[in-house]
Every structure is written in structure tokens, then in C-alpha cells.
Amino acid sequence: RIFSFLDVVTLCRCAQVSRAWNVLALDGSNWQRIDLFDFQRDIEGRVVENISKRCGGFLRKLSLRGCQGVGDNALRTFAQNCRNIEVLNLNGCTKITDATCTSLSKFCSKLRHLDLASCTSITNLSLKALSEGCPLLEQLNISWCDQVTKDGVQALVRGCGGLKALSLKGCTQLEDEALKYIGANCPELVTLNLQTCLQITDDGLITICRGCHKLQSLCASGCCNITDAILNALGQNCPRLRILEVARCSQLTDVGFTTLARNCHELEKMDLEECVQITDSTLIQLSIHCPRLQVLSLSHCELITDDGIRHLGNGACAHDRLEVIELDNCPLITDASLEHLKSCHSLERIELYDCQQITRAGIKRLRTHLPNIKVHAYFAPVTPPPSVGGSRQRFCRCCIIL
């Protein structure tokens, strides 16, 4: 029982003390959760095979994240020996192919969480296999598996309708049809990541909103075709939304965010970087209707002014909720904004890169009220260097972290 509290390294050391300790330390019941990320460069297939033989049915959770030396053969042996595995992380195991998912489907019916991010050889065949053999699957990450198409997603959701978290980041072949399958078959979905799925439009995401009312986290950053229709659909169908990331979605406006804020009062994190059409009006609505807001990115939102920050600083979230605010490249922001944020006692970090009207003096005044805050900012020299040969020389700006 004492050995069951030890980590992998300590167990291995204990196993070398004596024969009796070796038996105790290497007992499979002590190896129910294994994370080999710290040893990723040294892990080869035979190591995984040996672990699987030692642990057998005891193993519930295994992380091989970054173990590029592990391939399909080792994972087939693993699947055969560790049939009670529930959580498996293969993120960055670039040697594996559809054969691994076929093995998991055949032997590991209790699998709940599977991470295949950056396993670029994975195709629709893997999703079909998982659908057939892993009906309890709740979390799946296939980010950057860019061979996956709508056919694979359709096959997946037919057998894994209990999915709660699905990451499709960088799956560039996915179209709206794939989202329609998800919306129709995954009513328990809580988290969805569609970052950089460039072909996605309003049609697909509206289907998600209408079919997945429990949605709490949506990342659609880089999906540049979406419009305010998405924000309206979220407001009307997903009242539990806590996280919304829509960076670089330049068609979104104050109108959409007004609807969202008035209906989604549990919002905690919003990434609105490069939503270039939003103004202080969005901040006013967030300050009134979103009392739980903790993290807000407004970088490159060049229409934001001190007045919007004033409303935010006086809003329901300001005093004991707001922790991070990013205002990089907001040219209209001045030291007055920093004055408005003095009452945000939970504020831990503020980003002010390329806010040319922010001064050192303004930052110092802020720190007198919030001594533990981290402020990231650029400051140019007070006097530019002289011209040489009729043209102004380029000069460096210095980055400070206060």
C-alpha cells in the first residue's frame, strides 16, 4: 500500500533494493497511472510492451505524449495486455497509424479519453474503428490529423454519441457537413475546438449550437468565414457557455456580442483578438451581463478606447473576478485605462505591447494599487535617432516586464 503512493522513478529505485522489494514495487497494482513524458526520448516500443506485460489489467491511465519511438506493434501488444485502459495519451507519437486504433477498438472497449493530436498518419479508418469498438469514448483529440474528413466524423459519432470533448484543431479538410453530424448525434458535447478549420461557415456551427445545448467551450479561432449569426445562435441555444475563442474572426461585430452577452451570463474566458469591428459597445455589454469574466483578450481591436475599459473596470467582474486582460496593439488606449483598472483586485496580468499612448508613469501608478500584477509592454526611446543619408534609421524598442 505504501508503494502505491510512489511515482514511476521511485518505484524503479525501490525495485533494486532487494528481491522482496522488487516483487512489491513491480506489482501491477502499483502501476495504474503512468506518465512517461519526462522520458520521451528514451521510450521505445519494447519499454511499452514490458510495461503492458507487468501491469496487465491494472493499468487505467497511460501517457506516451511525445514518445516518437513507439509504433503500432508495441501498441498492439499494449492493447492486448491492458484491456482496462481508460485514458490513453498518444499526442505526438508520429509513428502510429490506423493500425493502432484498430487494436484499441478490438481490445480496449473501456477507453474513455484518447489523445491522437499530431499523429498525422491517422485517417478516417481510425475513427471508424473507434466507433465500432470504443462506445464509451468521451474525449477525443485528433488535432492536426489533417487526413480526416467528414466521412470519418460521421462514422465516429454514430458509435460514440456520448462524446463530451472533441478537438478538431487543424483538421483543414473538415466542412460544415461534419459539424452537422456532430450536432445531430452528440447532445452531451461540452467542449469543441475547431481552430483553423478554414472551411467552416455559419451553417455548420449553427447546427452545433442547436444540437449541443450543454456546450461550455467553443474555439473557432481562425474560422474567418463566420459571422454574427454564430453569436446569435450561441446566445439562443447555449446558455452554459463559459469559454469562447474567436480570434481572427473579423466579421464579428458589436451586434452579435450584444446578443451573446445578454444570454450567456457564465462566460469566463473570451479571446476576441483581431475582431477588428468591435468597439466599446461590446465591453459595455460584457461589463453589465458577464459577472464571471476572468480572461479577456482584445489585442488588435483598434477601435477600443479608454471609455470601454472604464465600463469594464466598473463592471460586475472587475473587483474579484477579472485576472487577465490583453490590449496589445490598441492604439487608442491611454494611461486613463490603467486608472480605470485599479479597482480590479484580482488582476494578475495585463498585456500592452504596442500601445503607444501608455507610459511608464501610468504603469507605475497602476502597480501602486496592484503590486503583484505583471505588466508586459514595449517602450520606444524618447528621442528617435537622427536621420542618416536622408532616411530615418530603424531603431529597436525595448520590451519590459514589470
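The values are calculated or read from the model by the stated rules, or taken from the named source; none is laboratory data. Not measured: the values here are computed from a predicted model. No Cβ is skipped: glycine too gets one built from the backbone with ideal geometry, and neighbour counts run over all protein chains shown. We work out accessible area using only protein heavy atoms, side chains counted, and drop any ligands, DNA or RNA first. Shrake-Rupley method; radii C 1.70, N 1.55, O 1.52, S 1.80 Å.
Taking all C-alpha pairs of region 289-334, those more than 15 Å from each other amount to 41 percent. Accessible surface computed residue by residue for the chain, with neighbouring protein chains in place and a 1.4 Å probe, gives 45 Å² per residue.
Once you charge only the Cβ atoms, +1 for Lys and Arg and -1 for Asp and Glu, what is the size of the charge dipole of region 113-269 about its Cα centre, to the nearest 20 debye? Show your work: numbers first, answer last.
On the way: 13 positive and 16 negative charges, 55 e Å.
I would put it at about 260 debye.
Projecting label points 7 angstrom from Cα along Cα→Cβ for D203 and S109 puts them 3.9 nm apart.
All Cα-Cα distances of the chain, cut into 10 Å bins from zero to the largest, leave 5, 20, 21, 20, 19, 11, 3, 0, 0 percent in each bin in turn. Computed from backbone phi with θ = phi - 60° and the Karplus coefficients 6.51, -1.76 and 1.60, the 3J(HN,Hα) list for region 21-32 is 5, 4, 5, 5, 5, 8, 4, x, 5, 8, 10, 7 Hz; x is used for glycine and proline.
Straight Cα distances below 20 angstrom link K269 to the lysines K164, K169, K214, K374, with same-chain residues fewer than 8 positions distant left out.
Roughly to the nearest percent, how much of the accessible area of the chain is carbon and sulfur, given a 1.4 Å probe? On the chain, the fraction of accessible area on carbon and sulfur atoms equals 48 percent.
Here the spin labels are modelled as points 7 Å beyond Cα on the Cα-Cβ line, and at Q173 and R365 they lie 5.8 nm apart.
If the only charges are +1 at each Lys and Arg Cβ and -1 at each Asp and Glu Cβ, what is the size of the charge dipole of the chain around the Cα centre, to the nearest 20 debye? Provide the component values of the computation, followed by the final result.
On the way: 43 positive and 42 negative charges, 317 e Å.
It comes to approximately 1520 debye.
Taking 1.002 mPa s as the viscosity and 20 °C as the temperature, the Stokes-Einstein diffusion coefficient of region 27-122 based on its alpha-carbon Kirkwood radius rounds to 168 µm²/s.
Here's how it looks for C171: its modeled amide H is under 5 Å from those of W144, which are all 5 or more places away or on a different chain. Amide H contacts for K374 (H built 1.01 Å from N in the peptide plane; partners 5 or more residues away or on another chain; cut-off under 5 Å): R349, I350. Between H265 and D38, the modelled label-to-label distance comes to 4.6 nm, taking each label 7 Å out from Cα in the direction of the beta carbon. In the chain, the DSSP beta bridges split such that about 10 percent are antiparallel, to the nearest 5. Taking amide hydrogens as placed 1.01 Å from N in the peptide plane, the amide H of T253 sits under 5 Å from those of D228, each at least 5 positions away in sequence or on another chain. Counting only the Cα atoms, region 237-379 fills a convex hull of 83 Å³ per residue.
Work out the FRET efficiency for V8 and H319 from their Cβ-Cβ distance, taking R0 = 60 Å, and round it to the nearest 0.05.
Here the calculated transfer efficiency is 0.85.
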